[in-house]
Amino acid sequence: MTSPGTPVVRRVRIPSDGAHFASAFALPVAGLPRRTAEEWARSTFEDTPALLRELLRAGWTLVLGLRLGPRSSARHVMGWRTVESGRGRIAVEARAPSLTARNVVTVDGTRLVWATYVDFERGSGRALWSLAAPVHHLVVPLLLGRAARRAV
C-alpha cells in the first residue's frame with residue numbers, strides 16, 4: 001500500500017534492443033529530490049536492509065550464477081559492473097555462464113525508467129530466468145518504491 005503523495009511504480013513497455021528478455025518499470029520523479037541515474041541505482045540496490053541485500057546477492061549468485069564484483073568498488077553497484085555512466089543514464093551488467101543481465105536506469109525531468117535486459121548464452125539461461133523473472137517483477141518495483149519513499 002502506498003501513502004498519499006508516494007509515486008507509483010508501473011510496468012512499461014520497452015523495445016527489446018535485441019535481448020532475449022526485456023522488461024521495465026517507470027517511477028514518476030516530479031516532486032522528488034533530483035538524483036542522477038547512478039544515485040537512483042545505488043539507492044535502489046544498496047540502501048536496503050542488510051538482510052535484503054544478502055538475499056538479493058544470494059539469488060543473483062546462487063540461483064542465476066552471476067559473477068559479481070566487489071561491493072565496495074566505485075565501478076560497481078552492489079557488485080554489478082558499470083558499463084555505461086552519465087548524469088541521466090547508468091547501465092550495470094553481470095554475467096553468468098548461461099546468461100548476461102543488464103540493468104539500465106534512465107532519468108529525465110519527469111520519470112525514472114529501470115529496464116532489465118537478459119541474453120541467454122545457453123538453454124539453461126532461459127530456464128533459470130524463467131524461475132527468476134517472477135521474483136524480478138515483484139522485487140524491482142518494491143525496491144524502486146522504497147527508494148522513492150526514502151528520497152522524500
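All of the numbers you see were taken from the coordinates with simple rules; none came from a lab. Keep in mind that this is a model prediction, so the values were computed, not measured. Virtual Cβ from ideal backbone geometry, glycine too; neighbours counted across all protein chains shown.
Remarks
- Taking a point 7 Å out from the Cα of Thr36 in the direction of its Cβ, the residues of segment 58-80 whose backbone N falls within less than 18 Å of it are 72-80.
- Rounded to the nearest 500, the 222 nm mean residue ellipticity of the chain from helices alone is -10500 deg cm²/dmol, with -39,500 (n - 2.57) taken per DSSP H run of at least 4 residues.
- Each Cα pair under 8 Å and six or more residues apart adds its sequence gap; the mean of these over the residue count of the chain is a relative contact order of 28 percent.
- Based on the Stokes-Einstein relation at 4 °C and a viscosity of 1.567 mPa s, and on the Kirkwood radius from alpha carbon pairs, segment 25-146 is assigned a translational diffusion coefficient of 88 µm²/s.
- Computed from label points 7 Å out along Cα-Cβ, the spacing between Leu62 and Val83 is 2.7 nm.
- Extension gain, Ala74 to Leu52: 0.36 nm times the residue separation minus the Cα-Cα distance gives 5.8 nm.
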